[in-house]
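Notes follow the structure.
Values in this text are rule-based calculations from the coordinates and carry no lab data. From a predicted model like this one, the values you see are computed outputs, not experimental measurements. Note that each Cβ is placed from the backbone with ideal geometry, even for glycine, and that neighbours are counted across all protein chains shown.
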């Protein structure tokens, strides 16, 4: 199947220097609020790219669960494929694609684990069923069949209850990606897209200092 003739021109918005914030966190927050205002489904879903010990890249969709100038948070099983990748190479990149607004954002930086208290705080806010799933799933490992997974789920669900909630397991928790690069992409007509990048100024002693520049589409 070729898709040569499946095309869409992008005409909804523009991205020009006069209208952006000097701070990429503020700019991201403004765009994210646009997603909320336009009722986009799951605007917090992002593609996370990591690299394993053999320099093989891996990409998957995860959910951003917090965003501030300290970084963005996501949660997973530490023994998962992404967790193992981050153990040997903590450089990573995430991509948000908001098709309805013809926008995407790339964020690159270093990833570190959140402390247990932060992971427990988030874990305790998850629905009970999601807590059980996190506990029983040997994420990214080969399993014999789905019945095996459902059997373990039923066993754990019967052991715990909404009156006897589980704690966050040691093998599961949060990561924080601390950005040093943002790229905001706005689709434009005739493929002359707008791309504005923010690079943290490594020569500055102030971490809030960013170099801002336009990239050719």
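Overview of results
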| item | result |
| --- | --- |
| Gyration tensor (alpha-carbon) shape descriptor, region 39-148, a/c threshold 1.5 | rounded |
| Simple label model, 7 Å out from Cα along Cβ direction - residue 113 to residue 60, nm | 1.8 nm |
| Degrees, to the nearest 10: 24-37 long Cα axis against longest axis of the chain | 70 degrees |
| Centre separation in Å (Cα based) which lies between region 51-69 and region 18-48 | 18 Å |
| Angle in degrees between helix 116-125 and the longest Cα principal axis of the chain, rounded to the nearest 10 | 80 degrees |
| Gain in span if fully extended, residue 52 to residue 141, counting 0.36 nm per residue against the direct Cα distance | 30.5 nm |
| Potential extension, residue 191-residue 211 segment - 0.36 nm per residue separation minus Cα distance | 4.7 nm |
| Highest-fluctuation residue, 55, 164, 38 considered, GNM on the chain with Cα pairs under 10 Å | 164 |
| Exposure proxy order (Cβ contacts within 10 Å, fewest to most) of 176, 56, 168 | 56, 176, 168 |
| Residues residue 178 and residue 120, FRET efficiency given R0 of 22 Å [Cβ-Cβ distance, rounded to 0.05] | 0.55 |
| Helix axis angle, 146-159 relative to the chain longest principal axis, alpha carbon, degrees | 70 degrees |
| Residue-averaged [θ]222 nm for the chain, counting only DSSP H segments that reach four residues, each worth -39500 (n - 2.57) | -7500 deg cm²/dmol |
| Shape call, region 1-65: gyration tensor on alpha carbons, a/c limit 1.5 | oblate |
| Packing-based ranking, highest mean first, of 81-87, 140-146 given that Cβ atoms within 10 Å are counted | 81-87, 140-146 |
| Cα-based shape type of region 165-217, given that a ≥ b ≥ c are square roots of the gyration tensor eigenvalues and the cut on a/c is 1.5 | oblate |
